[in-house]
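Novice: Dumping the structure here so I can ask a few things about it.
Taken together, the values in this text are just the output of simple stated rules run on the coordinates, not laboratory data. Not measured: the values here are computed from a predicted model. Cβ placement follows ideal geometry from the backbone for every residue including glycine, while neighbour counts extend to all protein chains displayed.
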């Protein structure tokens, strides 16, 4: 296995994955809709560059592009930040499930033997917290279905693995980190109320190493929840405040009873406008009241990815965001 196709190569995770694959001696190919962006960010070592929208290509065109490749990394798709028209489940089914199923089928047909999906740790917490019934939330349900569809397409001919990814930190040229959207919750405020829980966090470097590890050591139908460190939301929001120079801002833990009514009101407001959150805000607050912690060592030992200075990467990422908002 030495030829890897990366979908989403001009994105944050896909680009880091391309760099990691090149460092490990793999031959890499990718596709991008924008030729200028391709030229700006993709390393020169990547000679096999395709321009176009893979979802608009015919099956024959995709098969031709994948001919001779050994592995496929699916570093594409939409995350839970998108606010679509209701029903959100239909939206995520059409944008995440169906494209993954099609490309997994075509990858297997082309002779590819390894297929890695960049998924979400929300599917992991659905398994952890069965009492919250998260598997019925639009985003979580479709992410679980995305995994299962890809697994079934690979049966008997291609190993399919899913990386369940938590909060990810890193930067890339010409793109503002998604964490900028968190800054209005802190900027200019004297007191910021946050949930009591916390979450797993990783760097883009760790995600890339884990993806290569899945190609090299992964087992068919395996789901790998990766982590670098676990952090409380209280500490994370303090780091945001510090990046803004707001050293006197008080980060205060609020109870679920305090936070849930306003979250549910947000669900009602978007519903009145014909839209639906990927994970309902009332449910998100329930989740954030708990610790979505993952023991890093478990998956590190399997996929052979390394420890990294996650806190330093968080600081660097938040500093880029702070420059943008100021």
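Novice: Using the Kirkwood radius over C-alpha pairs as Rh, can you work out the diffusion coefficient of region 156-199 via Stokes-Einstein at 4 °C, viscosity 1.567 mPa s, in µm² per second? Could you put the intermediate results ahead of the total?
Specialist: Working: Rh = 14.6 Å.
Result for D is 89 µm²/s.
Novice: To continue, here is another question. Find, to one decimal place in angstroms, the Kirkwood hydrodynamic radius of region 33-168, where the mean of 1/r is taken over every pair of different Cα atoms and then inverted.
Specialist: Details: mean 1/r = 0.0618 Å⁻¹.
This gives a value of 16.2 Å.
Novice: Here is a follow-up. Which of rounded, prolate or oblate describes region 212-326 when judged by the alpha-carbon gyration tensor and an a/c cut-off of 1.5?
Specialist: Details: a/c = 2.07, a/b = 1.31, b/c = 1.58.
Taking the square roots of the gyration eigenvalues as a ≥ b ≥ c, region 212-326 is oblate.
Novice: Would you mind telling me the antiparallel percentage of the DSSP bridges in region 170-256, rounded to 5? Can you show the working numbers first?
Specialist: Details: 5 of 9 bridges.
The antiparallel proportion sits near 55 percent.
Novice: Please report, largest first and rounded to whole Å, the three semi-axes of the ellipsoid equivalent to region 194-248, where each semi-axis is the square root of five times an eigenvalue of the C-alpha gyration tensor.
Specialist: Equivalent ellipsoid of region 194-248: 32, 13, 5 Å, largest first.
Novice: Between 0 and 90 degrees, rounded to the nearest ten: what's the tilt of helix 204-217 against the longest Cα principal axis of the chain?
Specialist: Helix 204-217 sits at roughly 40 degrees to that axis.
Novice: What is the extension gain from residue 98 to residue 133, computed as 0.36 nm multiplied by their sequence separation minus the C-alpha to C-alpha distance, in nm to one decimal? Spell out each step's value before the answer.
Specialist: Working: separation 35, 0.36 × 35 = 12.60 nm, distance 2.35 nm.
Working it through step by step, the gained length comes to 10.2 nm.
Novice: Using just the helices of the chain, give the 222 nm mean residue ellipticity in deg cm²/dmol: DSSP H runs with n ≥ 4 each add -39,500 (n - 2.57), and the total is spread over all residues, rounded to 500.
Specialist: Rounded to the nearest 500, it is -13500 deg cm²/dmol.
Novice: Same structure, new question: Regarding region 159-227, what's the average projected area of the Cα-atom convex hull, expressed in nm²? Mind showing how you got there, number by number?
Specialist: Values: hull surface 26.4 nm².
Average of the hull's projected areas for region 159-227 equals 6.6 nm².
Novice: Expressed as an acute angle from 0 to 90° and rounded to the nearest 10, what is the orientation of the C-alpha long axis of helix 98-110 relative to the principal long axis of the chain?
Specialist: With rounding to tens, the tilt is 30 degrees.
Novice: Okay, moving on. Using a Förster radius of 51 Å, what is the FRET efficiency between residue 304 and residue 247 based on their Cβ-Cβ separation? Nearest 0.05, please.
Specialist: Values: r = 40 Å, r/R0 = 0.78.
That gives a FRET efficiency of 0.80.
Novice: Classify region 210-274: rounded, prolate or oblate, from the alpha-carbon gyration tensor (a ≥ b ≥ c, eigenvalue square roots; a/c under 1.5 rounded; otherwise prolate if a/b is larger than b/c)?
Specialist: Because a/c hits 1.5 or more and a/b fails to exceed b/c, region 210-274 counts as oblate.
Novice: Moving on to the next point. Report the paramagnetic label zone for residue 180: residues of region 249-290 whose backbone N is under 16 Å from a point 7 Å from Cα along the Cα-to-Cβ axis.
Specialist: Output list for this probe position: empty.
Novice: Still on this structure: Could you give the spread of the C-alpha atoms of region 118-245 along their three principal axes, from largest to smallest, in whole angstroms?
Specialist: Between the extreme Cα coordinates on each principal axis of region 118-245 lie 58, 38, 24 Å.
Novice: Then there's this: Output the Cα-based Rg and Dmax of region 108-160 in Å, rounding Rg to one decimal and Dmax to a whole number.
Specialist: 13.1, 42
Novice: Follow-up. When you count, for each residue, the other Cβ atoms within 10 Å and take the mean per peptide, how do 245-254, 194-203 rank with the highest first? Display every interim value, and only then the final one.
Specialist: Working: 245-254: 13.9, 194-203: 22.1.
Final packing ranking: 194-203, 245-254.
Novice: As an exercise, take the mean of 1/r over every pair of distinct alpha carbons in region 29-113, invert it, and state the Kirkwood radius in angstroms. Please list the in-between numbers first.
Specialist: Details: mean 1/r = 0.0693 Å⁻¹.
Roughly 14.4 Å, rounded to one decimal.
Novice: Name the residues of region 282-326 whose amide N is less than 17 Å from a point 7 angstrom out from the Cα of residue 81 along the C-beta direction?
Specialist: 314-326, by backbone N distance to the label point.
Novice: Ok, one more. How far apart, in nm, are the 7 Å Cα→Cβ label points at residue 63 and residue 297?
Specialist: 4.9
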